[in-house]
Amino acid sequence: MITVNNVTLRYGKRALFEDVNIKFTPGNCYGLIGANGAGKSTFLKILSGEIEPHKGDVHITPGERLAVLKQNHFEFDEFEVIKTVVMGHSRLFKIMEEKDALYAKADFSEEDGMKAAELEGEFQDLDGWQAESDAAELLIGLGIPTSLHDLKMKELEGNDKVRVLLAQALFGNPQILLLDEPTNHLNLESIRWLEYFLARYEGTVIVVSHDRHFLNQVCTHIADIDFGKIQMYVGNYDFWYESSQLALRLSRDANKKTDEKRKELEAFIARFSANASKSKQATSRKKQLEKLTLEDIRPSNRKYPFIHFKGEREAGKQLLAVENLSKTIDGVKVLDNLTFTLNKGDKVAFVGPEGLPKTTLFQILMGELEADEGTFSWGVTTSQAYFPKDSQDYFDVDLNLVDWLRQYSKDQDESFLRGFLGRMLFSGEEALKKANVLSGGEKVRCMFSRMMLGGANVLLLDEPTNHLDLESITALNNGLVDFDGTILFVSHDHQFINTIATRVMEITPNGLIDKMMSYDEYLDNDDVKKQRELLYV
């Protein structure tokens, strides 16, 4: 168990945390949420002891081992992969090193023999003989094949390094896990494996993630950082979000009687309680939900951007025809005779393990690259708005945001432009920020303003949730669900894909899988599974 007592942390005059008191207990998984800059990663560092608070303390139950997902991807470059994982249990690894040093001594003494016997006893108590096989099992579950286990960390690709560090944090059954963005760089299979691992995990988990589906699958509680405080809520992310929205509606409705409000709350809780069985601790969580009162739910202080796309004209039936499109980049054929026809109103999620084919397709469709072979044609009634994977080139200008947006607007009036920026949370002086000093998330929101101005009836979005906080992801998700035009998009966010897509296209090394269904249906479809087995040979 972790107990936080009166923790305060200040940076200059700004209090990041002020007198925080909270407990994290075994058997629960806590999703730590908050707007960008709220201090999520910093709070994890306070819990791990990496940062000392200015006031207060953190108490961990004696004897409990705490493991942290390391963020320095170069720290273990000189170590073998399997050894890096075992290093996650520092005591076990130290015993292994001490044993090896003793047995390597040329003048092995009786005293050394006694010390070795002690070490062997502790080694066995810590399941040391299983260490390497346990580490290998974790690595395989996270998508690291056995062929890489004996390589040095510096020989791995960046994404694989992240997976090894995650295996390191999970190794040896620590009683407490602190995970900062653990799903970054994981494929779908690895994320599912991690969800299953955490569902069976009996210790305490505190996780920061922008993946709402992951938070919904693993979290029993949400710890919300807002205005320097942390408020604890029972339930997963969706329950927190919808309950905060319900509280906001109820607080605004001054004319509604208390009894009516209570009935609305009870109906809301009943709906979520029925879904509780999907997560661990289902029974206890259901009981906790049923005890909630009106006073227990609070409106969120979060600000959500307003994202609303609307086409200026309706598209005709002819949207897009792609025939035998091929493209080779750096000697690798990333697109090979790709053929499909887009229908009016399709919302297509392009999926697959490799990002380059999808990005290349979008760049060809938007005229930024030329195909080596094949053709494509947009319908004459279509207009396109494009969100590229890398938008840096758009912001290499010395303009404030009003003037930056003016470049893309027919209406040059400042109040009109400020209105669009205000929807993206750039109000007042924020709208006069320089475009070339924006953060990643701010640039993404500016790109949405640009797209909304265009009034296109076809949207192409290449990983639009990168750099966004949960509030902006939710707003974008809702905006795309409500959009009545056609969408082609790439994303690794399960919930984002599943709630938007009506059609799924998977670009494989040996052909295209194209299905008119939701993402969850696609993942569970037997025909798709058979096709994938054939096309990924």
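The values are calculated or read from the model by the stated rules, or taken from the named source; none is laboratory data. This is a predicted model, so every value here is computed, not measured. FYI the Cβ positions are ideal-geometry reconstructions off the backbone, even for glycines, and counts take in every protein chain you see. Side chains are part of the model used for accessible areas, which takes the heavy atoms of the whole protein and leaves out ligands, DNA and RNA. Shrake-Rupley method; radii C 1.70, N 1.55, O 1.52, S 1.80 Å.
So what does the Cα-only Debye profile of segment 131-212 read at q = 0.15, 0.22, 0.26 Å⁻¹, as log10 I(q)/I(0), no solvent term? Debye curve over Cα of segment 131-212, log10 I(q)/I(0) at q = 0.15, 0.22, 0.26 Å⁻¹: -0.51, -1.12, -1.51. Taking the Cα centre of segment 395-526 as origin and assigning +1 to Lys and Arg Cβ atoms and -1 to Asp and Glu Cβ atoms, the resulting dipole is close to 480 debye. From the largest down, segment 114-163 spans 43, 21, 17 angstrom on the principal axes of its Cα atoms.
Checking the a/c ratio against 1.5 first, then a/b against b/c, what shape does the Cα gyration tensor give for the chain? Note, shape of the chain comes out oblate. For segment 53-136, a simple Cβ point-charge model (Lys and Arg +1, Asp and Glu -1, everything else neutral) yields a dipole of about 480 debye relative to the Cα centre. Apolar share of the accessible surface for the chain: 48 percent from carbon plus sulfur atoms, 1.4 Å probe. I need the fraction of alpha carbon pairs in segment 437-537 separated by more than 21 Å, rounded to a whole percent. When every Cα pair of segment 437-537 is considered, 41 percent fall beyond 21 Å. FRET efficiency for the T25 to Q245 pair, using the beta carbon distance and R₀ = 25 Å, is estimated at 0.35.
One decimal place: the segment K410-E521 gains 35.8 nm when fully extended, by the rule 0.36 nm per residue minus the C-alpha distance. Between F340 and E260, the distance separating the two model label sites (each 7 Å from Cα on the Cα→Cβ line) works out to 4.7 nm.
Full extension of the chain between N324 and E118 yields a length gain of 67.3 nm, computed as 0.36 nm times the residue separation minus the alpha carbon distance. At an R0 of 25 angstrom, the distance between the Cβ atoms of F79 and F108 translates into a FRET efficiency of 0.40. Average accessible surface for segment 471-525: 32 Å² per residue, computed with a 1.4 Å probe over protein heavy atoms with every protein chain in place.
Using the Cα atoms of segment 392-498 to build a convex hull, what is its mean projected area in square nanometres? Taking a quarter of the hull surface, the average projection is 6.7 nm².
Could you tell me whether segment 302-438 comes out rounded, prolate or oblate from its Cα gyration tensor? Rule is a ≥ b ≥ c as square roots of the eigenvalues, rounded for a/c under 1.5, then prolate if a/b exceeds b/c, otherwise oblate. Prolate.
Decide, for segment 114-264, between rounded, prolate and oblate: order the square roots of the alpha carbon gyration tensor eigenvalues as a ≥ b ≥ c, take rounded if a/c falls under 1.5, and otherwise choose prolate if a/b is larger than b/c, else oblate. Verdict is prolate for segment 114-264. Selection among L523, A371, G88 by position relative to the dipole of the chain gives L523 as farthest towards the positive end (Cβ unit charges, Cα centre). What segment 36-162 shows is 58 Å² of accessible area per residue, with the surface traced by a 1.4 Å probe over protein heavy atoms. Distance between the C-alpha centres of segment 110-139 and segment 11-77: 31 Å, rounded to the whole angstrom.
For segment 81-171, the equivalent ellipsoid built from the Cα gyration tensor has semi-axes of 29, 14, 9 Å, listed from largest to smallest. Solvent-accessible area per residue in segment 231-270 equals 57 Å², computed with a 1.4 angstrom probe and all protein chains kept. Computed from backbone phi, the HN-Hα couplings of segment 239-249 come to 5, 4, 5, 6, 5, 5, 5, 4, 4, 5, 5 Hz, rounded to whole numbers (Karplus: 6.51 cos²θ - 1.76 cosθ + 1.60, θ = phi - 60°; Gly and Pro given as x). Note on the chain: with charges restricted to the Cβ of Lys and Arg (+1) and Asp and Glu (-1), its dipole about the Cα centre is near 2500 debye.
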